[in-house]
Each structure stands twice: as C-alpha cells, then as structure tokens.
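Peer 1: The structure is given below, and queries will be raised subsequently.
Taken together, the values in this text are just the output of simple stated rules run on the coordinates, not laboratory data. Keep in mind that what you see is a predicted model, and the values were worked out from it rather than measured. We place every Cβ from the backbone using ideal geometry, glycine too, and count neighbours over all the protein chains shown.
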Amino acid sequence: MAFALSQLRVPIIQAPMAGGPSTPALAAACIRAGGMGSLGVAYLDAERIAQDIQQTRALCGHQAGPLNVNLFMFPPPVDLRPAQVDRAEAALRSIAEDLGVPAARLPAAPWHPPLAEQLDAVWSARPEVLSLHFGVPDQALVQRAHALGIAVCVTATSLEEALAIEAVGADFVIAQGIEAGGHRGEFSLSTDTPRGLPSLELVKLIAPRLRIPVVAAGGLMNGADIALALRAGAVAAQLGTAFLLCPEAGTTQSYRELLKATAQQNPRAIRFTRAFSGRWAQGVENAFMQRFDSLDIILPFPAQNALTGPLRSAAAQRHDAQYQSCWSGRELARIREMPAERLMQVLAEEIARHH
Ligand SMILES: Cc1cc2nc3c(=O)[nH]c(=O)nc-3n(C[C@H](O)[C@H](O)[C@H](O)COP(=O)(O)O)c2cc1C
C-alpha cells in the first residue's frame, strides 16, 4: 500500500531543497518528529542518491516514517549557438576575476545526471514518496512507482498544472504559491517574470477541483500559517525557508548569515531571478543577481546552472554569499533558528492551538 498523507502524525513536509540545504540529518529529524522528510537530489547521481537515502534511514533509527525523494523533470537538451555561449561566458569573466578563480566555461552536455539512472536508485531504495518538480512525468513512471508501493507527487503553480498532474495518476499535488523560496515549479520555461497566486489562494482554487489531496507550499512559517492552509483545503503544508537555519540543514555559513541579516534589516530584498540556473527561482537579492540579471545573456536551464556552478562553489568556499544562490521565500523575516526536531514540535503545538 502506497503512503497516504493522512498517515502523517504532524501534517508537515520538510521541503526538498536541492543544492545542499536538505540533508539526510534534516530529513531524519523531521521524520522522527512525525512529519515527512525530503531529500532534494535533483543534481546528484544514482550512487549519491542511494547513499543519502540509506543515511537518512539509518538516522531515523527504529522510528520509521515517510521519506520523500525529489527529482527534477529536466527539459530535453537544446542546441546552443556558439556565439550565445561565448557571450554568457564573457559576462561571467569579471565575477570569476573578483573571486580569483578561472573563468567559467560551459561543460559539454548533458548538464544533469540522467533521470533514468536517478530513478533506478529510487526504485531500489523504495522511499515512501517520489516527488517531481518542473513538469508531469508520463503515466508509465507513475505506474512503476505504484507497483513498488511508492506514492508520487508533483508541484503545481496553477490549476491547469494541477489537473495535468491528477490526470497522470499522481497521488497528491504540491500547490506552490508565489511566495515560495527556491525554483518555481512552473511547467513552462517562460522568460517573463513569474506572476501567480499566493499559496492559500492557490489551494482554495485547486483543492475543490481535484479528487487527490493538495499540499500548500509558500510563505508558511509557523503553525498559525499552517492552520490557515489546512482550513483553506490543504491536507498538509510543505515548508522550505522555515528550515534553512536549522543546524541540520546544509545551508552554508555565509548563506545563513545573509539570511539572518536580510530577515532583520531588509526582509523585502527577496525576488525572482533566472541568473543562476536559467529558470526562475526566488532568493535574497545579492551582487550576482544585480550584476547578471540586467544582461540579456542568460542561457536556458539547465545550461546556465552548469555554467555558474563552479563560481557558486568557489563563492561558497570563500564564505561569500554575494555569489551563491541564496534561495529564500518571501516570508523570511519570520524565520526561527532552532534544531529541526524542536521546530517541528513548536509548529505542531502552534497548529493544535490554531486549528
Ligand atoms: C533553498 C531551497 C531549495 C529548494 N529546492 C527545491 C527542490 O530541489 N525541489 C523542489 O521541489 N522544491 C524546492 N524548493 C521549493 C520548496 O519545495 C517549496 O516550494 C518552498 O520552499 C515553499 O516556500 P517557502 O520557502 O516559503 O517555505 C526549494 C526551496 C528552497 C528555499
């Protein structure tokens, strides 16, 4: 029997956060506290995915609980014109000089591990849930997951996307509002700045039209927010930003410091950018966004992600948050710093008080 959200003791999913923030330690802490833990493994190869799942299970001890493994529906490869690549590389040269690292060169495609190999790791490890971001999988993938007892969920940012997700047989939908941190799960690769509904309005629009359960995501920072989402028709809430300062999260030290300073002094400095990956994602405005956003030379996702990767890693090593992608949701000002298990307890108590 595949996992059902109604089995959650605490109706909270710790969001998958690829690129470092979601770790086995964070996922295990959330599972131990009665919620669902998630691993954002979109950029990892099959071997690392298997290791991370195994490590999460080991950290859960005998307290079994639902683990969600999250992958991206990467777009089919596109041919890039050499002049386009030259211009994108040239635009990054001064940033590389400032960081004292070699100029960025676009590696040869593919720019991500093959989905089929990533899925093999998932099929072998059989987490309770497989979640997908950036599009609908085909029905065969969903059926394969179900045959192995794995539930499937997909992010939707609109009613149309939610209906398409239900149509392929997915078990639940993550309704991602415009406040959400990280990559927006929109199916299209639009270059227009994202516009969309806040999470609660999206839930109210989607939930009555679907037979499968809806999870609210975006801007939910405390139990009162979650209680409102449940009242709006969600069966659970997925929180990302709220977990970024937990000691178990893989958030780098300089990223943590930027989050804290922004929360206290400049909480409105959070916006969408395509500069890091080529796809719209929301985070704290920093020098990379300011220098790169205005230039019309961003490569399509995930080529841009591959191009900027070495610079982002160098910046992380140099404790420089100005050139890392510091994803954050718009409600960052209300972030709280505490161990994940404690945060889950606090959230559960707040939900009980407000629901
Ligand atoms: C640092 C960070 C990384 C994220 N990475 C992913 C990811 O890999 N896969 C995914 O489905 N969602 C990802 N998200 C989006 C979350 O699933 C969720 O929609 C979002 O965090 C909810 O909004 P909030 O940040 O305001 O809580 C990420 C969010 C953040 C903050």
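Peer 1: Between Arg342 and Gln63, what FRET efficiency comes out of the Förster formula 1/(1 + (r/R0)^6) with R0 = 22 Å and r the beta carbon distance, rounded to 0.05? Write out the running numbers ahead of the final one.
Peer 2: Numbers: r = 16 Å, r/R0 = 0.73.
E between Gln63 and Arg342, to the nearest 0.05, is 0.85.
Peer 1: Let me ask something else about it. For a footprinting-style exposure proxy, rank Met73, Met17 by other Cβ within 10 Å, fewest first.
Peer 2: Least to most surrounded, the residues fall as Met73, Met17.
Peer 1: Moving on to the next point. Using helices alone, I'd like the mean residue ellipticity at 222 nm for the chain: each DSSP H run of four-plus residues gives -39500 (n - 2.57), total over residue count, nearest 500. Show your work: numbers first, answer last.
Peer 2: Details: 12 runs with 138 residues, N = 355.
Only helices count here, giving -12000 deg cm²/dmol.
Peer 1: Now for a separate question. For segment 11-123, just say rounded, prolate or oblate: build the C-alpha gyration tensor, square-root its eigenvalues into a ≥ b ≥ c, call rounded for a/c under 1.5, and beyond that prolate if a/b exceeds b/c, oblate if not.
Peer 2: Numbers: a/c = 3.08, a/b = 2.08, b/c = 1.48.
Prolate is the answer for segment 11-123, as a/c is 1.5 or above and a/b outweighs b/c.
Peer 1: Using only Cα atoms, locate the centre of segment 190-209 and the centre of segment 261-296, then give the distance between them in Å, rounded to an integer.
Peer 2: Between the Cα centre of segment 190-209 and that of segment 261-296, the gap is 21 Å.
Peer 1: At a Förster radius of 22 Å, what calculated FRET efficiency corresponds to the Cβ-Cβ distance of Arg87 and Ala287, to the nearest 0.05?
Peer 2: 0.65
Peer 1: Please give the peptides 82-89, 159-166, 142-149 ranked by average Cβ packing (other Cβ atoms within 10 Å per residue), highest first, as a rough proxy for protection.
Peer 2: Listed from highest to lowest mean packing, they are 159-166, 142-149, 82-89.
Peer 1: Right, next: 7 Å from Cα along Cα→Cβ at both His355 and Ala108: what's the point-to-point distance in nm?
Peer 2: The answer from the label model is 5.3 nm.
Peer 1: Now a separate question. Using a 10 Å cut-off on Cβ atoms, rank the peptides 104-110, 172-178, 318-324 from the highest mean neighbour count down.
Peer 2: Averaged packing, sorted descending, gives the order 172-178, 318-324, 104-110.
Peer 1: Roughly how many nanometres apart are two label points built 7 Å out from the Cα toward the Cβ at Ala2 and Ser190?
Peer 2: 2.8
Peer 1: Note down the nm distance, to one decimal, between modelled labels 7 Å out along Cα→Cβ at His146 and at Leu80.
Peer 2: It works out to 3.9 nm between the two label points.
Peer 1: Can you give me the Cα centroid spacing of segment 144-174 and segment 1-63 in angstrom?
Peer 2: Spelled out, the Cα-based centre of one part sits 19 Å from the other.
Peer 1: Let me ask something else about it. Quick one: work out the % antiparallel among DSSP beta bridges in the chain, nearest 5.
Peer 2: Taking every DSSP beta bridge with both residues in the chain, the antiparallel ones total about 20 percent.
Peer 1: Let me ask something else. Could you size up the charge dipole of the chain around its Cα centre, putting +1 on the beta carbon of Lys and Arg and -1 on that of Asp and Glu, and report it in debye to the nearest 20?
Peer 2: That gives the chain a dipole magnitude of about 520 debye.
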